[in-house]
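**Q** This is the structure I want to talk about, given as structure tokens.
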Amino acid sequence: MSNALEVKELNKSYPDFKLQDVSFTLPTGYIMGFVGQNGAGKTTTIRCILNMATRKGGEITIFGLDNIKDELAAKQELAVVFDEIFFVDTWRVKEVEKAIRGFYSQWDSGIYNSYLEKFDLSPTKKVKDLSRGMKMKLMLAVAMSHGAKLLILDEPTSGLDPVARDELLDILKDYVAGGEKSVFFSTHITSDLERAADYITLIDHGKIFYTGTKDGLLEHFLIIKGSKEELTDELRKKIIGLAATSSGFNGMIRVGDAKGLPASFSLEQPEIDEILVHISKGGISYE
Ligand SMILES: Nc1ncnc2c1ncn2[C@@H]1O[C@H](COP(=O)(O)OP(=O)(O)OP(=O)(O)O)[C@@H](O)[C@H]1O
Ligand SMILES: [Mg+2]
């Protein structure tokens, strides 16, 4: 089966920002979390995937379909949720279906109504009277009711309380459970990744820092601690997010770069949020 999403060497320039050779692959049947700081390039990447922003170079395929040449066919496979609601405020939940079903050839009313029930969304409520979490659920209900095989979400969990967040992530896990559907979602929240992501792509200043399985990410880096004397210039270049302490230094290092270091260094496997914190501190050299 072809991959749900392949992004190869995507390049895009704004006056003050560049996506540089962004590449990653989401296999069908899995959830990928797309994570990076504010301004790292997540939304820009998503806009390029959706052909809402023009790229300078590279290739993007959705289930093997080119996102520009085969745009119409590719979009049949896609559902998108941004973090702002795009339904008219005064619509009632039941009117949302009437207003938008005509846009989708594979709209399934039964599925939509079963999601409304599952999410406890009252058909008579107006869009403007829904809470933030309920609005997100309404957008998800629509996104999951028209036969799409790839769901793309830009920060679906931002602004949700922890309970609503966990609920939403469980919905996404259920959605991919059959093995034919896939989810790509951006987030700042590391616990989202721990809870729901099979794959993680980390973006920093428009470049991919890591892409692969969640377990692979944890096995890719080590937290290193040592004394001041041990911090040679050569080692300094390899350390990500270096911090000097009164007794020595600490930072993060790629597993490959830690090979052959003397046993006097302390090396430990990091948590996902430690990895993100070290990346945000900087000092990154790309391979
Ligand atoms: N239309 C545009 N014109 C010029 N610059 C833009 C445009 N859209 C985005 N940018 C710039 O591209 C950079 C990346 O923005 P992007 O929205 O992709 O970041 P992000 O990772 O989604 O951040 P956040 O976590 O805050 O949503 C930013 O510096 C932003 O100012
Ligand atoms: Mg964004």
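Nothing in this text is a laboratory measurement; each read-out follows from the coordinates by a stated rule. Keep in mind the model is a prediction, meaning the values are calculated, not measured. Note: ideal-geometry Cβ built from the backbone for every residue, glycine included; neighbour counts use all protein chains shown.
**Q** To the nearest 20 debye, what is the magnitude of the charge dipole of the chain about its Cα centre, counting +1 on the Cβ of each Lys and Arg and -1 on the Cβ of each Asp and Glu?
**A** About 680 debye.
**Q** Say each of ALA53 and SER131 gets a label point 7 Å from the Cα, pointing the same way as Cα to Cβ; how far apart are those two points in nm?
**A** It is 3.3 nm.
**Q** Just to confirm the filter: which chymotrypsin sites (Phe, Trp or Tyr not before Pro) across the range 198-287 are DSSP coil and have at most 10 other Cβ within 10 angstrom of their Cβ?
**A** Answer in residue order: TYR286.
**Q** I've got another one for you. What residues from the range 10-48 fall in the zone where the backbone N is under 18 Å from a label point 7 Å along the Cα-to-C-beta line of VAL277?
**A** Label zone hits: 36-38.
**Q** Report the residues of the range 62-78 in range of a label on GLN106: point 7 Å along Cα→C-beta, backbone N strictly under 16 Å from it.
**A** 62-66, 71-78
**Q** Right, something else. What does the charge count around ARG47 come to, taking other residues whose C-beta lies under 12 Å from its C-beta (Lys +1, Arg +1, Asp -1, Glu -1)?
**A** Cβ neighbours under 12 Å give a net charge of +2.
**Q** Just order 105-117, 43-55 by mean Cβ neighbour count inside 10 Å, highest at the front, would you?
**A** 43-55, 105-117
**Q** If a helix is a whole DSSP H run, which ones in the chain reach 15 Å or further along their own axis (Cα) and hold a mean Kyte-Doolittle hydropathy of at least 0.5?
**A** Going by DSSP H runs, the hits are 132-143.
**Q** Considering amide H positions built from the backbone, and no H for Pro or chain starts, which residues 5 or more places from VAL183, or on another chain, come under 5 Å of its amide H?
**A** For VAL183, the qualifying residues are TYR30, ILE31, MET32, LEU151.
**Q** For the pair ASP170 and ASP70, how long in nm is the line joining their label points, each one 7 Å along Cα→Cβ?
**A** Each label point lies 7 Å from its Cα, and together they span 3.7 nm.
**Q** Okay, next question. In whole Hz, with x marking every Gly and Pro, tabulate ³J(HN,Hα) for the range 75-91 from phi via Karplus 6.51 cos²θ - 1.76 cosθ + 1.60, θ = phi - 60°.
**A** Coupling constants for the range 75-91: 5, 4, 8, 10, 9, 10, 10, 8, 7, 10, 6, 10, 8, 5, 3, 8, 5 Hz.
**Q** What are the residues whose amide H is under 5 Å from the amide H of SER122, where those residues sit 5 or more places off or on another chain and H is modelled from the backbone?
**A** none
**Q** Fewest first, what order do THR25, THR232, THR211 take by the number of other Cβ atoms within 10 Å?
**A** Taking fewest neighbouring Cβ atoms as first place, the list is THR232, THR25, THR211.
**Q** Here's another thing I want to ask about it. Given labels modelled 7 Å from the Cα in the Cβ direction, how far is it in nm from ASP215 to PHE265?
**A** 2.5 nm
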